[in-house]
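The values are calculated or read from the model by the stated rules, or taken from the named source; none is laboratory data. Small disclaimer: the values here were computed from a predicted structure and weren't measured. In this analysis, Cβ positions are derived from the backbone assuming ideal geometry, glycine residues included, and neighbour counts consider all displayed protein chains.
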Amino acid sequence: MDVLTWLIPISLTLGGLGLLAFVWALRHAQYDDPEGDAQRILSPDWDDQPKPPKG
């Protein structure tokens, strides 16, 4: 049972870090335009240097 005193806080910490990473990704517009990205990859007008983000 002593192992649980280590595993529970470690699992909660890792879950919190995952949640913080997800919130960071949402706030930094990582999920803005997935459909546009899917269409752009099929376009023959591929560009080595993507345009900077708006805003």
Residue that is assigned to a helix (DSSP H, G or I) and modelled with pLDDT of 95 or more, where the choices are Leu26, Leu19, Leu4
Leu19
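Which ones in the range 1-36 are among the aromatic types (Phe, Trp, Tyr) and touching a helix residue (DSSP H, G or I) at 6+ places or on another chain (Cβ under 9 Å)? Talk me through it step by step, then tell me what you get.
Start the filter on the range 1-36 by keeping residues that are among the aromatic types (Phe, Trp, Tyr), which leaves 6, 22, 24, 31.
Within the range 1-36, Tyr31 is the sole residue that qualifies.
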